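One structure is given below, encoded as structure tokens.
Values quoted throughout were computed directly from the atomic coordinates according to the rules given, and no laboratory measurement underlies them. Since this is a predicted model, take the numbers as computed values, not measurements. When we count neighbours, we look across all protein chains shown, and the Cβ atoms used for this are built from the backbone with ideal geometry, even at glycine.
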Amino acid sequence: MKRQVISTIALGIAAYATGAHAQNSVTLYGVVDTGIAYIHNSGGNSTQVKMSSGNLSGNQWGVKGSEDLGGGLTANFQLENGFDLGSGQLQNNGREFGRLAFVGLTSTSYGALTLGRQYDPVTDLLQPITADSYSGIFAPPGDIDNYDDSARFDNAVKWTSPTWGGVTVETMYALGGVAGSVGSGQTWSAAAAYTAGALSVAGGFLHVDNGNTVLSTRGTSTSDSFFNSSVNSAYASSRSINVGRVGAQYVIGSVTAGAAYSYSLYSPDASSTFTGSEHFQNGSVFASWMINPAFQLIGGYNYTKSGGNSSATYHQADVGLDYLLSKRTDVYLAGAYTHANGQNGAGEAQAVIGSYDVDAGAQSQLLAIVGLRHKF
């Protein structure tokens, strides 16, 4: 009986897959990535060794598809789940499709319009030309400017232009949905990118409303939280968050080099627990060398300075090695060191490496990870 049931299920899956292949419209994909991490200074303890999941790529599985509607118009969708490989638990606050969930239409003449849970335009256009394309440990401490897309956005309507002479433009508006206050919890963003041969440049702006306390709760927003570490947790009661980012990269043979700058402003109101705006400036550089088609070496540096309500400085250096065992499987070694000084708004500044978001409990932190990644 068990064999009959299994055979029936298998035949059903095969029939569906055959239909999907015939239409060339549905793709199942994913990434599994995990390793062993060593952290010097973690939560006030000098040593931590643990299994670390999603180091180069977030663990994910998803399904995406499209349908040709004729006349240059295509319907498309994407659903993407995030999970912790070590425990099997859902990430993104337990959402089934917390990484992405959208449906849309794409026109060869007018671009793409998508609706649902999505990345913002700054992430879409700047992230690919930064060291974040390798790993989130290259992000500024605490990912205070969403360099590593720690925040995704609900209820978002996004338009992506066709590419005009190397130029791509994106705009997005996420509806807060709060009755009586259209702006409460809203997010809006715009970005543009230009590519000409070996040179790529991009820039954009992101505005997040953190919730109108008269009609909702502070922190009720279309945006995921920006406050994931001690670097900026003292400003979780901000009325709004505004981020401007620019970046560029240049490819010379097997070497790619780039730089980026961001200015992040956390603004209070009468319901905030702090007074006076807080801002963070971050400058970063990186260089990547493809030693051969299977072996990559990358290094980077971040300088982060906060000001306004508090004053702290963070220096972060990163390095990574990646070796392809096949087109879909690689092994890697990544490391980073951060040093912090000054005040973070709640006390002495603690070291935090990138979007790894582990508070050191001290002024310095060292991280080393060896891991394995497989894509399907």
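Which one is right for this structure if Kirkwood radius over Cα pairs in Å is calculated from it: (i) 22.1; (ii) 20.3; (iii) 23.0?
(i)
With Cβ to Cβ distances under 11 Å as the rule, what net charge do the other residues near Gly371 carry (K, R +1; D, E -1)? Walk me through the numbers before you get to the answer.
Working: positive: Arg373; negative: Asp33, Asp322, Asp330.
Summing Lys/Arg as +1 and Asp/Glu as -1 gives -2.
Within straight cross-link reach of Lys327, meaning Cα distance under 30 Å, which lysines are found once same-chain residues fewer than 8 apart are removed?
Answer for Lys327, where 30 Å is the Cα cut-off: Lys50, Lys64, Lys375, listed by chain and number.
Starting from the Cα of Lys158, draw a straight line to each of the aspartates and glutamates and keep only those under 13 Å, dropping any in the same chain fewer than 8 residues away.
Asp120, Asp124, Glu170
For the pair His279 and Ser181, what calculated FRET efficiency results from E = 1/(1 + (r/R0)^6), where r is the Cβ-Cβ distance and R0 = 35 Å, to the nearest 0.05?
According to the calculation, E is roughly 0.85.
Which of Trp289, Trp188, Trp159 has the fewest other C-beta atoms within 10 Å, and how do the rest follow up to the most? Mind dumping the intermediate values first?
Details: Trp289 14, Trp188 20, Trp159 17.
Ascending Cβ contact count within 10 Å gives the list Trp289, Trp159, Trp188.
Taking the Cα centroid of the stretch 234-284 and of the stretch 340-359, what is the distance between the two, rounded to the nearest whole Å?
Value for the Cα centre distance between the two parts: 15 Å.
Relative to a virtual label point 7 Å from the Cα of Leu199 in the Cα→beta-carbon direction, which members of the stretch 162-184 show backbone nitrogen distances below 14 Å?
166-167
Gain in length, Ile36 to Leu265, computed as 0.36 nm per residue apart minus the alpha-carbon separation, to one decimal in nm? All intermediate terms of the calculation are to be shown ahead of the outcome.
Working: separation 229, 0.36 × 229 = 82.44 nm, distance 3.53 nm.
Roughly 78.9 nm would be gained on extension.
What number comes out for the charge environment of Gly177, summing +1 per Lys or Arg and -1 per Asp or Glu over other residues with Cβ under 15 Å away?
Numbers: positive: Arg117; negative: Asp154, Asp209.
Value of the local net charge: -1.
Tell me, how many Å apart are the Cα centres for the stretch 117-184 and for the stretch 69-116?
The distance from the Cα centre of the stretch 117-184 to that of the stretch 69-116 comes to 14 Å.
Explain nothing, just compute: Karplus ³J(HN,Hα) = 6.51 cos²θ - 1.76 cosθ + 1.60, θ = phi - 60°, for every residue of the stretch 270-276 in order, whole Hz, x for Gly and Pro.
Running phi through 6.51 cos²θ - 1.76 cosθ + 1.60 with θ = phi - 60° gives 5, 8, 7, 8, 9, 10, x Hz.
Considering only the other residues whose Cβ falls under 15 Å of the Cβ of Gln48, what net charge follows from Lys and Arg at +1 and Asp and Glu at -1? Intermediate results must be reported in sequence, preceding the final value.
Numbers: positive: Lys50; negative: Asp357, Asp359.
Local net charge: -1.
For the chain, what is the charge dipole size about the Cα centre, in debye to the nearest 20, if Lys and Arg each add +1 at the Cβ and Asp and Glu each add -1 at the Cβ? The partial results should precede the final answer.
On the way: 17 positive and 25 negative charges, 143 e Å.
For the chain, the charge dipole is close to 680 debye.
Take Tyr263, Tyr356, Tyr119 and order them by how many other Cβ atoms sit within 10 Å, fewest up front.
On the way: Tyr263 15, Tyr356 26, Tyr119 22.
Ascending number of Cβ neighbours within 10 Å: Tyr263, Tyr119, Tyr356.
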